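Below: one structure, written as structure tokens.
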Amino acid sequence: MTAISPRLVFDLRRHETRGRKTTCTLAIFVDGEAVWPVRGEETARLDIQIDDLLAHLTDYWKPLMLRQVYPIDVTPLRPSDLRRHAELRWTGLPSAVVELEEEAVSRFERAHDISHAFAGLYGLPAFWILRAGPVVIIETADRHWRLPFDDVRRALALIGDRICALLAAADLKRWEPAIDAWKDRNTGDAVGLLAWSTGLTKALAGQLIQEAILAAPRDFEDAAADADELRIAARMAGALPPDQIYAIIGLARQFPPRPSVALRNLAATCLDRVARHYGHAAAFLQGEVAAQILRNNLGLATDKPVDVFDVATTLGIEIRHATAEPPTLDGLAIWGQHHGPGVFLNDASGRILRPGDSTLTASPGARVTLAHELCHLLLDGDHAVSAVDVLKARMPVTAEQRAKSFAGEFLLPTATAGRHWGEAGHPVDRAGLTIVVEALMTSYGVTRSVAAWKIEHAAREREIDLSAVLDAVAPRR
């Protein structure tokens, strides 16, 4: 008895003991390999009561399908790191705050770690499920995967349906309430669906709907589609105070929809090539590759600075800037059915306009931020995108790593930085590296941090580690 999806398989088999109609053995496979309860051991299976698994999937269906953020203000790379990050955060916090957050973390663990489904079975290896936009992070003790959301949803629905069939055959009268609850799993009120999909409190979600700031999800399918760019913006800003969430949604709302054929075609090209050749690569490498694809597509010379404002405008991206709250907001990108593509740059941010910057287009900080947002539009806009680059943003860590890498490589390729470093005699001392960094800043219109990072990357290709010296040249990079 196997619930099948192209990449995720819950392999459920009847127990060999006669009469145990609701006891089965379970193993989980990813890409044809047994990964749980024991990786690589297809015959290692767990005896389970199937109603336990059905109850877990029913009770936690909405968080499993809709939730994309962590319950407290931390951003671990994967769900298994949540408690470690939380414990570091709790050092020095008031005990009352720690108690509340500890309970929130525990609730999250009970929902998203499937090993909690099996009553009376302790010490099981974790099997994490957490949505991240169009993909779902699947994680075991020693590995993680990013599987398409539709695949994971289908796999969980199939195993739930299969369990219902087994329970009905065993004793329909006894199990009918559990079966009916499973069939009704998608039912929910609009406020609750918005709260789950944005990570906002139900009170704030209801307020945003009532004031027509956000559109209420029509139903579960609308919420699960995750295709409303303003709801995504609210989720990205969800850790901020309510007034700042309102302000950021307001900034996103100001962009009307506009033609974007050139950007859409280029995004499709970048996504396809990255997925086919670098789908399992580190996020920073995906960002560099995407930047190289864009540079090649646009025919940009490696020895000249890029006019990133002109590139964005040519691709149909509307660029706006103004002084806005909060000042920790650098910029945001939005693109979907009703808004964008657009990028907002915050003049109030110390990274956008600094003393000595003559214009926005000449500002290294503004140029780097715009390139950063351009990456979000190219690689994170599968159907709708809202990227909010602000302190405490809930942007996925991998998306931010990729965008940071993209911005540096697009404005200053590693090969170009390496050539300048070589022409200067490959200095390794602080004084010599400072001269090269400042020359790159002037020639290519990048920040000190970007110039330092690109020299470091070029040096690593020669197996030279300049990180410590460059940390002194560009502090807080």
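Just so you know, all these numbers are worked out from the coordinates, no wet-lab data involved. This structure is a prediction, so every number in the text was calculated from the model and none was measured. Neighbour counts run over all protein chains shown; Cβ positions are idealised from the backbone, glycine included.
Annotations
- Taking the empirical scaling 2.2 N^0.38 Å for compact globular proteins as reference, the range 17-99 has a Cα radius of gyration ratio of 1.55.
- Between the amide H of residue 136 and those of 147, 149, distances stay under 5 Å, these residues lying 5 or more places away or on another chain, with hydrogens modeled in the peptide plane.
- Crossing angle, helix 430-444 versus the chain [Cα axis fit, 0-90 degrees, rounded to tens]: 90
- FRET efficiency, 1/(1 + (r/R0)^6) with R0 51 Å, evaluated for residue 465 and residue 187 via beta carbons: 0.35
- Remark: the range 134-149, residue by residue, has Karplus-estimated 3J(HN,Hα) of x, 10, 10, 7, 10, 9, 10, 4, 10, 7, 9, 10, 10, 9, x, 4 Hz, where x stands for each Gly or Pro and the curve is 6.51 cos²θ - 1.76 cosθ + 1.60 at θ = phi - 60°.
- Between 0 and 90 degrees, the angle of helix 364-379 with respect to the longest Cα principal axis of the chain falls at about 30 degrees.
- Mean projection of the Cα convex hull over all viewing directions, computed for the range 190-253: 3.6 nm².
- For residue 338, the amide hydrogen comes within under 5 Å of the amide hydrogens of 229, counting only partners 5 or more places away or on other chains and with H modelled in the peptide plane.
- For the range 271-310, the mean projected area of the C-alpha convex hull, equal to one quarter of the hull surface, is 3.3 nm².
- A simple rule links phi to the HN-Hα coupling: the Karplus curve 6.51 cos²θ - 1.76 cosθ + 1.60 with θ = phi - 60°, which for the range 452-469 gives 5, 4, 5, 5, 4, 5, 5, 5, 4, 5, 9, 6, 10, 9, 9, 4, 5, 5 Hz, with x for Gly and Pro.
- The mean sequence distance of close C-alpha pairs (under 8 Å, at least 6 residues apart), as a share of the length of the chain, puts its relative contact order at 12 percent.
- Extension gain from residue 219 to residue 93, taking 0.36 nm per residue of separation minus the Cα-Cα distance: 41.5 nm
- Mean Cα-pair separation over length for the range 343-451, i.e. relative contact order, pairs under 8 Å, 6 or more apart, %: 26
- Distance between the pseudo-spin-label points of residue 243 and residue 435 (7 Å out from Cα toward the beta carbon): 5.2 nm.
- About its Cα centre, the dipole of the range 2-183 is roughly 480 debye, where the only charges are +1 on Lys and Arg Cβ and -1 on Asp and Glu Cβ.
- Using the Cβ of residue 361 as centre and a radius below 10 Å, the other residues enclosed give a net charge of -2, where K and R count +1 and D and E count -1.
- Across the range 407-422, rounded Karplus estimates of 3J(HN,Hα) from the backbone phi angles (6.51 cos²θ - 1.76 cosθ + 1.60, θ = phi - 60°) give 4, x, 5, 5, 7, 8, x, 4, 4, 5, 4, x, 5, 5, 4, x Hz, Gly and Pro being marked x.
- A P(r) calculated from all alpha carbon pairs of the range 261-473, with 10 Å bins opening at zero, reads 9, 35, 37, 17, 2, 0 percent.
- Projected label points at residue 281 and residue 38, each 7 Å from Cα along the beta carbon direction, are separated by 3.7 nanometres.
- Principal-axis tilt of helix 95-112 within the chain, Cα atoms, nearest 10 degrees: 70
- Residue (of 270, 199, 100) at the positive-pole extreme of the chain, dipole from beta-carbon charges: 270
- A quarter of the convex hull surface defined by the alpha-carbon atoms of the range 2-183 gives 11.1 nm² as the mean projection.
- Size of electric dipole in the range 190-253: Cβ of Lys, Arg +1 and of Asp, Glu -1, about Cα centre, debye, nearest 20: 160
- Computed across the chain, the Kirkwood radius stands at 24.4 Å (inverse of mean 1/r, all Cα pairs).
- Length gained on full extension, residue 203 to residue 361, computed as 0.36 nm times the residue gap minus the Cα-Cα distance: 52.8 nm.
- Length gained on full extension, residue 176 to residue 210, computed as 0.36 nm times the residue gap minus the Cα-Cα distance: 8.5 nm.
- Per-peptide average of other Cβ atoms within 10 Å, ordering 87-98, 310-321, 274-285, 48-59 highest first: 48-59, 310-321, 274-285, 87-98
- Where Cα atoms sit under 23 Å apart: lysine pairs in the chain separated by 8 or more or lying on different chains: 10
- Relative contact order (percent, whole number), the range 275-424, Cα cutoff 8 Å, 6+ residue spacing: 31
- Taking the range 410-434 and a reference point 7 angstrom along Cα→Cβ of residue 303, the backbone N atoms nearer than 19 Å belong to 411-426.
- Mean-position separation - Cα centroids, the range 237-258 and the range 84-132, in angstrom: 30
- Here's how it looks for residue 36: its modeled amide H is under 5 Å from those of 28, which are all 5 or more places away or on a different chain.
- Both radii are taken from the alpha-carbon atoms of the range 117-272; with Rh as the Kirkwood radius, Rg/Rh is 1.05.
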